[in-house]
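FYI, it's all coordinate maths here, none of it is from the lab. Quick caveat, the model's predicted, so the values are computed rather than measured. Heads up, the Cβs are rebuilt from the backbone with ideal geometry, glycines too, and the neighbour counts pull from every protein chain shown.
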Amino acid sequence: MTRPAIAVTGLGLVTAAGIGVTANREVIWSGTPTARRDPKLAGLPVDISCTVPGFDPARHVGRRSELSHDRFVQLALTAAAEAITDAGLDPSTWDGARVGVVIGCGLGGVSTWERQHHQLLGSGPETVSALLIPMLVPNMVAGHLAIRFGATGPNFVTATACASGATAIGSAMSLLRDDLCDIVLTGGAEAGVSPLIVTGFARMGALSGRLDDPAAASRPFDVDRDGFVVGEGSGILVLEREADARARGATVRARVAGYGSSADAHHMTAPDPTGAGATRALSAALADAGLGTADVDHVNAHGTSTPLNDVTEARMLRRMLGDRPSVTSVKGVVGHSLGAAGAIEAAVTALTVQQASVPPTANLDSLDPEIELDVVAKTARAQPVGVAVSNSFGFGGQNAVLVFTA
């Protein structure tokens, strides 16, 4: 049986590049880095981050939002509202039982956890919020989207570390292919810029130490990269079967054609240096799309700006795809938003396909000689993109790859 084509009909983005797709397109395609000193992290060994500018929960979500939502939920609600509007959908008229929600999140409400723990230690248990648990558990991001938009179909959160958002989108595809839903709100959300989380990454040696020049700290594939910059954000995609989208006159931004996943089974935090797991995920995604390696025009790389990850990913891509596809990493602009990264990058990949334009990798001044790829740097590149791959990899050896087509 022929499987239905899955269309991206709506996009919503909230990142360090701005609130909304328009703001993100402008900053990401200009290659303007967003990392800066963060007052919330003052006094820590690493005090730089990529946070959403000008985000006001009362204005963007609702006046009582701060009483009931952790920041990761607030970001997702904002991105989802934009995505639904972009898709031309009205939640008041849809059949909620046929609308699913699948969101990726790696951490959950860490800010709530930290804040309420301080309350417990400093002022006693009677001052801890009664909403502590529903504000911090990761599944509440999907729950709140369902509540806000009346989506009563399948509802769950995927947690595959920094691959979470991509895993969610792959899972959403299956719901549509299997006719369990007609519409799925999918993507990722994370708000992990907290003192404890940043300290944890710093203790691992995963973060850039370029504190004297924060804007230049995140530099994927550059020979002088020394770690990533923690970011936050949300990327939400509205997915539908293409035939349904066409029937209602919706604009199709791109198609999600394939998904593949695998496990390295190698190490808690380091990628398998052979790239075997990532290779399996890419091969599976292309097979799922009915495509071959020679069909790939562009890769939105995981590209974290860490010494080990970038070389491992680059070697895998060179071995699998050669140097023909253009390659970029948006983490030079928006940092690494952890569980939301795969979803944000999926949205950017859909825009790349739609616009026939590849955004540059920020801060790439000197390509690491071990990275033998056509990495787009300095300025955006006009390029027809018929087939694009978006890579996402995470701690625990999690690998997830999505294929987008025009």
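Take the chain, connect every pair of alpha-carbon atoms lying under 10 Å apart with a spring to form a Gaussian network, then pick out the residue of Pro154, Pro271, Pro360 with the largest mean-square fluctuation.
For the chain, modelled as a Gaussian network with Cα springs under 10 Å, the answer is Pro154.
Using unit Cβ charges (K, R positive; D, E negative) and no other charged atoms, how large, in debye to the nearest 20, is the dipole of region 26-117 about its Cα centre?
The calculation lands at about 280 debye.
Ranking request for peptides 318-328, 189-199, 74-84: highest mean number of other beta-carbon atoms within 10 Å first, then the rest in descending order.
Answer by packing, highest mean first, reads 74-84, 189-199, 318-328.
For Thr361, what is the net charge nearby, where nearby means another residue's Cβ is under 10 Å from its Cβ and Lys, Arg count +1, Asp, Glu -1?
In short, +2.
Can you find, among Pro220, Gly290, Gly303, the residue farthest towards the positive end of the dipole of region 217-323? Put +1 on the C-beta of Lys and Arg, -1 on that of Asp and Glu.
Gly290
Of Gly108, Gly43, Gly335, which has the largest mean-square fluctuation in a 10 Å C-alpha GNM of the chain?
Checking each option, the largest mean-square fluctuation is seen for Gly43.
Does a label point 7 Å from the Cα of Leu308, set along Cα-to-beta-carbon, have any residues of region 181-220 with amide nitrogen under 17 Å, and which are they?
Residues passing the 17 Å test: 200-209.
Place a +1 charge on the Cβ of each Lys and Arg in the chain and a -1 charge on the Cβ of each Asp and Glu, then give the dipole magnitude about the Cα centre in debye, rounded to the nearest 20.
Using Cβ point charges on Lys, Arg, Asp and Glu, the chain gives about 440 debye.
When you take every Cα atom in the chain, what is the radius of gyration, and what is Dmax, the widest Cα pair distance, in Å?
When restricted to the Cα atoms of the chain, Rg and Dmax are 19.7, 62 Å.
Give me the dipole magnitude in Debye, nearest 20, for region 250-406 about the Cα centre, with unit charges on the beta carbon: positive for Lys and Arg, negative for Asp and Glu.
360
In a Gaussian network model over the chain where Cα atoms closer than 10 Å are linked, find which of Lys40, Lys331, Lys378 has the largest mean-square fluctuation.
It is Lys40.
Where does the charge balance sit around Phe72 when Lys and Arg score +1, Asp and Glu -1, over other residues with C-beta under 12 Å from its C-beta?
-2
Once you keep just the Cα pairs under 8 angstrom separated by 6 or more residues, what percentage relative contact order results for region 246-347?
Normalised by residue count, the contact order of region 246-347 is 25 percent.
For region 277-406, what is the relative contact order in percent, using Cα pairs closer than 8 Å and at least 6 residues apart in sequence?
Worked out over region 277-406, it gives 33 percent.
Quote to one decimal, in nm, the extra length available between Ile133 and Arg246 on full extension: 0.36 nm per residue of separation minus the C-alpha distance between them.
Extending this stretch completely gives an extra 36.5 nm.
Go through Thr112, Gly31, Gly122 and say which Cα lies farthest out towards the positive end of the charge dipole of region 6-247; charges sit on Cβ, +1 for Lys and Arg, -1 for Asp and Glu.
Gly122
For region 69-228, what's the relative contact order in percent, using C-alpha pairs closer than 8 Å and at least 6 residues apart?
Computed value for region 69-228: 30 percent relative contact order.
Farthest toward the dipole's positive end in the chain, which of Pro134, Ala400, Ser194, given Cβ charges of +1 (Lys, Arg) and -1 (Asp, Glu) about the Cα centre?
Pro134
If one computes the Cα centroid of region 354-391 and of region 78-155, what distance in Å separates the two points?
34
At a 10 Å Cβ-Cβ cut-off, how would you order Ser218, Ser30, fewest neighbours first?
Exposure proxy ranking, most exposed first: Ser30, Ser218.
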